[in-house]
Structures are given as structure tokens and as C-alpha cells.
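The values are calculated or read from the model by the stated rules, or taken from the named source; none is laboratory data. On a predicted model such as this, the values are computed, not experimentally measured, just so you know. With ideal geometry, Cβ positions are generated from the backbone for all residues, glycine too; neighbour counts draw on all protein chains shown.
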Amino acid sequence: MDFANNPSFIRQGPRPGTRLAAAVLTSVLLLIGDSQYGLMDKAREALSVVFYPLQRAVNLPITAARHVDDFFTTQTNLKAENEAMRSQHLAMAARLARLETLEQDYAALRRLNQLKSMRQDAGGLAEILYTGRDPFSYKIIIDKGEDAHLRAGQPVVDDQGLIGQITRVQPLTAEVTLVIDKTLMVPVMVQRNGIRAVLYGYGGGVEARYLPVHSDVRTGDLLVTSGIDGLYPAGIPVAQVGRVERNPDAAFIRLNSMPVAGVQHGRYVLVLNEKTNVPARPPEPVVPVKPKSKPSSDDSE
């Protein structure tokens, strides 16, 4: 064989036959060592440890690209889940608000039905539709009118006390003037001792006027309807005394009170029937008019 063109490192060293014999002997020894002692497994483990950093370096770009893709995919999924959770939260909050409103309405209707069953003068339940258009008056519109045989003057209450009275009736609705309106006056008395007074609305609250300065009225006293006007049944809670102002130089005390009923909140009310079998107010006595005397003829002369 011509080795003239072979590289110099091949022409140097042992003869090819010797090399072949050494390679065969090494192969036989490796086969025996691997089958008997597992030398190749240990060698592979050692080589895997040695070449692990190189393997990590080769796989690093692919791993980094995969991590970046997973990151953006996770962010997209999280954003979509957050949007879905936010929408679900808003929907649940709206449902909860509606349920709370329905629960409050149900409780109010149950209390009014209990009050209706307890009062012999109870009429019908009504729902508040809206408030009056005049911002300087305190009136509400209910969903009952002439169709429910309502009449002007009927008291309107809730489960806490007096709301007001019907002042105008239409075919399908009725107008209720609240006790805090400045045009409404309610005869009341102090529940504790029976002192009578007249309660006036002043637009946002109520106050009792024309009580003598020595009247036994205290903070926290409950004012109820006195029933002496032939309109309101006696004993309906109207207001609670908040502050008593006594001025020695004035003839009357001033009571700042707040209504006990839900005059500015609530949705359902109870209309009471008018008092029956109330005798008519006696006529005012007629004062005779004294005729004027005619001048005599002597006086004219």
C-alpha cells in the first residue's frame, strides 16, 4: 500500500497491524468490563457531568425562547382571566345590590302587612312612584287613586309612624303631602304626659309651636297624634323631641324635632281610612248685630 500521500501523524507510531491488535484488545476489554462491571455506564455518567454545561449552553437559546413565549402566553391568559373576573364581580355586585333592595322591600311589606292586620282603620298598601316636581315642597306620588277609592285627607303611614296625608287624588295616582312640608299641620301630644301641641313642618323637619314656656317637655319625648282633629287616628307616632329651647323672655318654648317615619326614604306606605262616626263640628254662635239708632228730629234741629 502506498502511504506517500497519507498525513505524517499516520505514518508515525506503531505499525497498522499493531494498532489493529491494540484496538481489538481494547474493544474486548471494554466489552468485558461493561458486561461485568458496568464501566461504560460510569463513563457515560462522567461524560454527562462533564458535558452538562455545554449542553445547557447549547439549549439556552431554545429554553429562553420557550420561557419568553410561556411568559407572554401566561400574561395574556391572566389578563383575560382578570377581565372575566372583573366582569363577573361587577355582575355579582349588581345582583347583590338588587337582592338587598328586594330584601329591604320584602321586609318593609311584611311590616306593613303586620301593621295592616293590627289596625282596624287600615286601608290599602301603596307604592311610592316618585317625588313632587316642586323642589320647595315635600310631596310624593303613590300608585293608588280614585280607582282605589282614595280621598283627600286620608292619613298615610309606614311601619314607624305618620308620613303625611293625601292632599290630591287623581284617577290612578294620589299626591301625599309629607309632615315636613311647611303647609301641613298635625295636632299632636306628648305621649309621656298628654300635653297637646300643634306640629308644623318647615321643609326638612318638624317643630311644635305655641307650647307655654313652663310645659313639661323633655328631650327624647315622643310626639303622637292626639286625634282631636277628626282626621288623624290617635296614637300614631309622628316625631321625637330633639332639643328644647326655653327663652325666659318668650311666651312659648321651641321644640326642634325629627320625624320618626321614613318621610324621605322607603318605597311602600299604608293608607288609613278616615275616622267614622265623628259628629259634625257645632256651628259658631251667631253674634246679634245691634241696629244703629236713627237720629231724632230734635237732634237734627
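Hey, among the residues in the stretch 242-286 that are modelled with pLDDT of 70 or more and β-branched (Val, Ile, Thr), which one's surrounded by the fewest Cβ atoms within 10 Å (Cβ to Cβ)? Talk me through it step by step, then tell me what you get.
Here is the first cut: in the stretch 242-286, the residues modelled with pLDDT of 70 or more are 242-274, 282-286.
Next, only the ones that are β-branched (Val, Ile, Thr) stay: 244, 253, 260, 263, 269, 271, 286.
Details: 244: 18, 253: 19, 260: 19, 263: 26, 269: 25, 271: 24, 286: 6.
Going through the qualifying residues, I end up with 286.
Just one of 150, 172 is out of contact with any Phe, Trp or Tyr (no Cβ under 6 Å at 6 or more places or on another chain), modelled with pLDDT of 90 or more, in a loop (DSSP other than H, G, I, E, B) and surrounded by 14 or more Cβ atoms within 10 Å (Cβ to Cβ); which is it?
Selected residue: 150, the only one of 150, 172 that is out of contact with any Phe, Trp or Tyr (no Cβ under 6 Å at 6 or more places or on another chain), modelled with pLDDT of 90 or more, in a loop (DSSP other than H, G, I, E, B) and surrounded by 14 or more Cβ atoms within 10 Å (Cβ to Cβ).
Look at residue 199 and say whether it is in contact (Cβ under 8 Å) with a residue 40 or more places away in the chain, within 16 Å of residue 236 (Cβ to Cβ), more than 25 Å from the chain's Cα centre (by Cα) and in a helix (DSSP H, G or I).
no
Quick check on my filter: what residues within the stretch 189-224 are closer than 24 Å to residue 271 by Cα, hydroxyl-bearing (Ser, Thr, Tyr) and in contact with a strand residue (DSSP E or B) (Cβ under 6 Å, 6 or more places away or on another chain)?
Result: 200, single match.
Just one of the numbered conditions (1) modelled with pLDDT under 80; (2) closer than 22 Å to residue 148 by Cβ; (3) surrounded by 11 or more Cβ atoms within 10 Å (Cβ to Cβ) is not true of residue 118; which one?
Residue 118 satisfies every listed condition except (3).
Which residue is farthest from the chain's Cα centre (by Cα), if the candidates are limited to the stretch 1-58 and must be among the small types (Gly, Ala, Ser) and modelled with pLDDT under 75?
Looking at residues that are among the small types (Gly, Ala, Ser) and modelled with pLDDT under 75, I get 4.
Evaluate the following for residue 194: is it buried (at least 18 other Cβ atoms within 10 Å of the Cβ) and out of contact with any Asp or Glu (no Cβ under 8 Å at 6 or more places or on another chain)? Spell out how you get there, then give the answer.
On the way: buried (at least 18 other Cβ atoms within 10 Å of the Cβ): no; out of contact with any Asp or Glu (no Cβ under 8 Å at 6 or more places or on another chain): yes.
Spelling it out, it is not the case that residue 194 is buried (at least 18 other Cβ atoms within 10 Å of the Cβ) and out of contact with any Asp or Glu (no Cβ under 8 Å at 6 or more places or on another chain).
Any residue at all in the stretch 133-144 that's small (Gly, Ala, Ser), surrounded by 13 or more Cβ atoms within 10 Å (Cβ to Cβ) and either assigned to a strand (DSSP E or B) or modelled with pLDDT of 90 or more (or both)?
Within the stretch 133-144, not a single residue is small (Gly, Ala, Ser), surrounded by 13 or more Cβ atoms within 10 Å (Cβ to Cβ) and either assigned to a strand (DSSP E or B) or modelled with pLDDT of 90 or more (or both).
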